[in-house]
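Quick notes on the structure that follows.
Since every read-out is calculated from the coordinates, none of them should be taken as a lab result. None of these values were measured; they are calculated from a predicted model. Note: ideal-geometry Cβ built from the backbone for every residue, glycine included; neighbour counts use all protein chains shown.
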Amino acid sequence: MGNEKEYIEIFDRHRQLIEENSAALLNEKRAEAIQKFKASGFPGRKDEEYLRSDAAKLFAADYGMNLGRIKANAAPHDSFTCEVPNLRAHQEFIVNDSYCPPPANISPMPEGVLLGSLNEFAKTHRELILPYYNAQAGSGDSIAQFNTTFTQDGLFLYIPKGTKVEETIQLVTILHTNIEQMSNRRILIILEEGAEANLLICDHAASDKKTLSLQTAEVFLGRSATLNLFEIEETGYSNNRLSQTYIKQQAGSRLNHCNITLTNGFTRNSTKVTLAGEGAEANLTGLAICDKQQHTDNHTLIEHKVGHCTSNELYKYILDEQSCGVFSGKMLIQPDAQHTVSQQTNRNLCLTDCARMYAQPQLEIYADDVKCSHGSTVGQLDNNALFYMQQRGIPLDEARHLLMYAFAGEIIENITIEPIRERLHMLIEKRFRGELNRCKGCTLCKKQL
Amino acid sequence: MKKNSKNIFKKIADKAYEYGFVSNIKTEIIERGLNEDVIKLISQKKHEPEWMLEFRLQAYRYWLTLEMPTWAHLNIPAIDYQSISYYADPTKKSKKQNKEIDPELMKTFDKLGIPLEERLALSNTAVDAVMDSVSVKTTFKEELKEKGIIFCSMSEAIQEYPDLVRTYLGTVVSYRDNFFAALNSAVFSDGSFVYIPKGVRCPMELSTYFRINAANTGQFERTLIVADDNSYVSYLEGCTAPMRDENQLHAAIVEIIVCENAEVKYSTVQNWYPGDAQGNGGVYNFVTKRGDCRGNNSKLSWTQVETGSAITWKYPSCILRGDNSQGEFYSVAVTNNFQQADTGTKMIHLGRNTRSTIISKGISAGKSQNSYRGLVRVSKNADNARNYSQCDSLLLGSKCGAHTFPYMDIHNDSAIIEHEATTSKISEDQLFYCNQRGIGTEEAIGLIVNGYAKEVLNKLPMEFAIEAQKLLSVSLEGSVG
């Protein structure tokens, strides 16, 4: 055990400070989490799940942690201007791992909807949150346990029965620091029966210092609830991210989850979906565009607990220069989950001979009346198509861009919010042309850099 | 129809293992347990040279530092390596009948349908028959020798061709490779050795038949095949064991070296005792098989039909080192009752323009678990590598499991890798269609399963294909709920 010891000591030494600055509910879960963390330590190359993404080494740096909840010197509501044109969104901000309260004039949410700081709501709505907080992440791996041990704030979203939130909720997380810093944020989303919401999470960085952000999100979808969850990461090469998303779906609920990684340092997104009610549907899509030494790992597990559920997965990677892509997707069909329809596709483009792709599409099936398939390919751009375009006067570079653009297009078309879709088309085109090598999402970043 | 198929299900489950008899042969078995003295004893019994004993001891000392691997999707009960006897010799005879093979032994192989007598020369297959730890007889040796082909038991090869063996043994599967490879390297008792000289096309199929007979023993055989430049050989392997309540361990190593322009075809029909319907007994089959396509334009093809063993842990692999080399893997793995299988292949592309094909068909019935685990690795310099993998699973019954764990590690931009997998069951429609045309449910399932596995069975040599087809229908007919 290496760096674990340091963090365990930090926790023991500063436990009082952490607990003073957090809600009792968050504190209650820490003891169990630290025990579980102590037992397993940071996952590294020896763990099958982290075989290609050595998480343990990320913790070697000497990060600062904002345990005393010192307010960040930033007013994102004033300085952030979203570059997505025509997007009518309700904006919420998390700077590092602290929630920034919105200004008074922000448009109100429909009645009964709770949206804001997890830490504050854990104090005022303890009874509501208690059955949900850490219910899924509690059995997660040691990164989730680490997050539960240290987390002090994050976002809470609750949508009551039958309420539809028309306006897209946009959560912007910004890394804003002058030192090497670690942030532990937590997101809890509860949609009651029949509720609907669109949530867009934009992950930005305003710092070229080495950072590590741990994000654990727990999502609960009640009967027939619908959630469109989009995550777009546009951080920098020095920003590392370990994200864990746990989603539990009841009967008839629908999830569209899209995870797009445009620029980053080291990213591992783990998504676990549990289909616990009949007729639930989960659609997972993902796109990673990497160059230089970027490392992007998407790790998914879809567990079909009951029958008559549907899941679809489509993940695409475009790997340039010395970048590394990892995809590991597992579909787990439990014995009683008859009539499951499950499909998984992973397609990858390697553009240089230094780029590496590791793909592990997996099936674990314990029921016989199911339709399950997966496919994975690694290849290059179609030479015939390139030749065809060159024949017609399109230069080779342009032709390559067009093909890659089309390759990525399949993912973007799944995004149901039109302004975001258009914006992504533009971002990806920029990305291919090498114009997007750092976050340009907000003026905050521009000022900083 | 439902009821009918349930009856058939039951019939299959109750179907006795055909090769489960025990032969009453006087067998010399050494004390149970494993230590350096046992290894020295085995080596001494086989009159091995000093370097061989050194090799074994090195492997044993390394094995002591290892732990049993747990990564496979298998539930392996703890194995007490000290309660196994590591050497059993059924050929030990009195001085009188020095040259004759024990008639009981002959009977056993006759019963198994293995032609040890020249009267069965018509089958055009040379056989090396191995029972427990010792090779009983190798047929057609002389005929093969005329062409310069060496086909004999491993112990004989160590005595007579020590230079050849020493050059190649352990170069594909080192004793440091894994837990079972280290164990096998320490205690391996016999197996086959094949050497095909330059430019020779082996005129007949070579075959080894493995039989475990003695109780409380493990079988640890080692096969080494060397195909020199421009040669060709097709090699078959079959295996059976008696029905016993306790589990028996079988840990083998197969090493294949394929030189320039050579081709090796390796086919296995694995039918070790799978245990009874309650999951008692059966053979633990932990095998390391690997071929090294060293030469340019070399080709190695693995074909396997896995129907037996309580637990199978087996990944026949190809190292595609030579430019333009080809690797193929065709597999049908059938599990029934409480059998568990974790099997697949590794295709390691190192040379330029290398190609590999993986076709894996898993069939699970009863309460069995059947996994495909495979790796396709394209290294940095393996330009223009091409791989196609297809893994299909057929589920017969609602209590069994079918799993797929493919790994793709791609380090080269010119690689084209495709992987596909599907899981399904025999549809009621297909059965109904056959029933309509007067084909009984049982027969229909046999037809459908055979059709499903056809792609692989077609790759087997003629005699084997027929045997495999029979085996499939025995294991599976009627397994639809």
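Here are some notes:
- Diffusion coefficient, µm² s⁻¹, Stokes-Einstein with Kirkwood Rh over alpha-carbon pairs of the protein assembly as shown at 37 °C and 0.692 mPa s: 108 µm²/s
- Kirkwood Rh, Cα atoms: Rg over Rh of segment A:3-381: 0.94
- Separation of alpha-carbon centers, segment B:329-405 and segment A:292-370, rounded to whole Å: 17 Å
- Unit charges at the beta carbon, dipole of segment A:184-290: most positive-side option, A:GLY265, A:ILE190, A:ILE201: A:GLY265
- Relative contact order computed over segment A:73-163 (Cα-Cα under 8 Å; 6+ residues apart), in percent: 35 percent
- Other protein chain Cβ atoms within 10 Å, averaged over every residue that makes up B:394-401: 4
- Compared with the alpha-carbon gap, the fully stretched path from B:TRP51 to B:ASN216 is longer by 56.5 nm at 0.36 nm per residue.
- For segment A:114-175, the list of GluC sites (Glu not before Pro) that fall in a loop by DSSP and count at most 11 other C-beta atoms within 10 angstrom reads A:GLU166.
- Qualifying trypsin sites (Lys or Arg not before Pro) for segment A:279-368 [loop in DSSP, other Cβ within 10 Å: at most 14]: A:LYS292
- In a simple Cβ point-charge model (Lys, Arg +1; Asp, Glu -1; nothing else charged), chain A has a dipole of about 640 debye relative to its Cα centre.
- Simple rule: put +1 on each Lys or Arg Cβ and -1 on each Asp or Glu Cβ in the protein assembly as shown, find the dipole, and look at B:ILE149, B:TYR87, A:HIS90; the Cα lying farthest toward the positive end is B:TYR87.
- Stretchable slack from A:GLU278 to A:LYS123, in nm (0.36 nm times residue separation minus alpha-carbon distance): 52.4 nm
- Here chain B is scanned for GluC sites (Glu not before Pro) in DSSP loops (not H, G, I, E, B) that have at most 16 other Cβ atoms within 10 Å, and the longest stretch holding none of them is B:247-481.
- Percent of beta bridges antiparallel (DSSP, segment A:3-381, rounded to nearest 5): 5 percent
- A helix-only calculation puts chain B at -7500 deg cm²/dmol for mean residue ellipticity at 222 nm, using -39500 (n - 2.57) for each DSSP H run of at least four residues, averaged over all residues.
- Cβ-Cβ FRET estimate between A:ILE394 and A:HIS425, R0 fixed at 22 Å, reported to 0.05: 0.75
- Here the dipole of segment B:306-369 is about 100 debye; that uses its Cα centre as origin and unit charges on the Cβ of Lys and Arg (positive) and Asp and Glu (negative).
- Distance-filtered residues of segment B:176-206 - backbone nitrogen under 17 Å, label point 7 angstrom along B:ARG61 Cα→Cβ: B:176-177, B:182-183, B:185-187
- Value at 222 nm in deg cm²/dmol, rounded to 500, when DSSP H runs of n ≥ 4 in chain A each add -39,500 (n - 2.57): -7000 deg cm²/dmol
- Approximating the spin labels as points 7 Å out from Cα along Cα→Cβ, the A:GLU413-to-B:LYS380 distance works out to 3.8 nm.
- Separation of the B:ARG166 and A:ALA60 label points, Cα + 7 Å toward Cβ, nm: 4.4 nm
- FRET E, pair A:ALA75, A:ALA406, Förster distance 41 Å, beta-carbon r, rounded to 0.05: 0.50
- Spin-label pair A:GLN343/A:GLU193, simplified geometry with 7 Å Cα→Cβ offset, distance in nm: 3.2 nm
- Calculated P(r) tail over 31 Å for chain B, as whole % of Cα pairs: 42 percent
- Where a label projected 7 Å from the Cα of B:SER398 along Cα→Cβ would reach, residues of segment A:355-369 with amide N under 17 Å: A:365-369
- Highest-MSF residue in chain A out of A:HIS304, A:HIS257, A:HIS125 [GNM, Cα springs under 10 Å]: A:HIS125
- Positive-end residue of A:GLY116, A:ASN228, A:CYS354, charge dipole of chain A with Cβ unit charges: A:CYS354
- 18 Å reach of a label modelled at A:ASN3, 7 Å along Cα-to-Cβ, counting backbone N of segment A:146-166: A:146-151
- Given charges at beta-carbon only (K, R positive; D, E negative), |dipole| of chain B in Debye: 580 debye
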